[in-house]
1. Give me the dipole magnitude in Debye, nearest 20, for region 134-314 about the Cα centre, with unit charges on the beta carbon: positive for Lys and Arg, negative for Asp and Glu.
2. I'd like the Karplus ³J(HN,Hα) series for region 148-155: coefficients 6.51, -1.76, 1.60, θ = phi - 60°, whole numbers in Hz, and an x wherever there's a Gly or Pro.
3. Taking GluC sites (Glu not before Pro) as exposed when DSSP calls them loop (any state but H, G, I, E, B) and at most 14 other Cβ atoms lie within 10 Å, what is the longest stretch of the chain free of them, the sites themselves excluded?
4. Could you please state, rounded to a whole Å, how far the C-alpha centre of region 1-78 is from the C-alpha centre of region 251-317?
5. Determine the alpha carbon to alpha carbon distance for each of K116/K175; K15/K275; K16/K275; K16/K92 and list only those over 27 Å.
6. Which angle from 0 to 90°, rounded to the nearest 10, does the C-alpha axis of helix 183-195 make with the longest principal axis of the chain?
7. Give the long-range amide H neighbours of A159: residues separated by 5 or more places, or on another chain, with amide H under 5 Å away, using H modelled in the peptide plane at 1.01 Å from N.
8. Using a 10 angstrom cutoff on alpha carbons, build the Gaussian network for the chain and name the most mobile of S127, S72, S178.
Amino acid sequence: MDTIQLQKDFGKLLKKNHQEFRNIFSSMETDCYRVYNWNISEIPWLIDIYGNYLHISSLAQTHQPDLLEAESDLLETASRMLYVPLERIFFKHRFVQGRQVQHEKLNQSGHTLIVKEQGLLFKVNLSDYLDTGLFLDLRNSRQLVREAAAGMRLLNLFAYTGAFTVYAAAGAATKTVSVDLSAPYMRWAQENLDLNGLSGEMHTFINSDVREYLQEAIEGGEQYDLIILDPPTFSNSRKTEGTFDLQRDYVWFIGQCLKLLSKEGSLLFSTNYHKFHFDPGRLRGAEVQNTTSTTIPPDFNGKRRPHRSWVIRRKTR
């Protein structure tokens with residue numbers, strides 16, 4: 001590895017991406033976006049701008065000693081080219097991929113700030129977890145929900161910190177229900193709604209196992225016009241019986257969601273599990289549309305596709 005040339009190429013690309021995306025997103029009232037998405041194969045980093053901070057995730061494995069040794073020089077390059085001092089850079093090694101398990105804590109420093117995405121405000125935590133509380137790659141998907149939400153009833157499953165709920169509320173949804181096993185994340189979701197002045201009795205946050213909620217909602221005759229299903233790849237929480245495995249369980253979960261959809265309703269299903277095999281033929285009574293090409297934002301082009309997405313509806317006879 002020619003580290004000097006690599007560092008120069010890395011710096012040029014960061015400067016180019018920063019100029020391009022800063023112009024795009026400033027006009028969209030957005031100050032959080034990806035500026036490097038593993039664009040150079042020898043540098044498996046993900047670099048996100050959050051206001052005046054950088055959040056960097058390294059996907060380098062322990063068998064890449066050259067890259068690990070070059071980290072400090074590459075960090076200095078990122079600091080210089082993106083005009084962010086080193087003390088405002090949060091750097092993490094992510095030896096596992098994707099939205100994992102229950103977003104375990106890394107430390108307790110609690111460095112939070114408020115960022116803006118498409119005119120809406122969100123609290124992010126740059127220090128305590130591998131993820132920050134806002135999945136930037138789902139920005140387009142959230143906007144689609146806001147544009148469709150007027151007069152709709154929304155169910156947000158595996159809701160995390162409630163970003164989809166905030167967008168639906170901003171789009172004049174008449175009812176939202178957010179479900180997640182984590183009580184802290186449900187409180188965080190309520191905070192995000194409060195930040196935008198959107199709180200009200202029509203918005204409900206439920207700290208529950210999603211599987212149990214779905215069964216109870218079906219028994220109770222609940223109906224929704226929009227359902228968000230963006231589950232983790234795997235979960236083995238001590239709060240539930242058994243495990244959740246996306247590849248094994250997705251047919252059951254989508255089937256349950258379809259039972260809750262109104263006649264003209266839509267289910268937005270997405271995953272960032274790169275090895276996930278989706279077989280629409282296993283979904284009885286469903287119409288499936290692959291929407292990945294429209295939901296991946298421009299700042300996520302590169303070697304690492306962030307997610308795949310589908311819109312699923314009940315088949316009309």
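Derivation of every value follows stated rules applied to the coordinates shown; laboratory data play no part. Computed from a predicted model, the values in this text were never measured in an experiment. Every residue, glycine as well, gets a Cβ built from its backbone with ideal geometry; the counts of neighbours run over all protein chains shown.
1. Using only the charged Cβ atoms, the result is roughly 600 debye.
2. Those phi angles translate into 9, 7, 4, x, 9, 9, 10, 10 Hz.
3. Between the exposed loop sites, the longest stretch runs 105-200.
4. 30
5. Listed pairs above 27 Å: K15/K275; K16/K275.
6. Computed tilt is about 80 degrees.
7. Close amide H contacts, sequence-distant or interchain: V179, D180.
8. Taking springs between Cα atoms under 10 Å, the residue moving most is S72.
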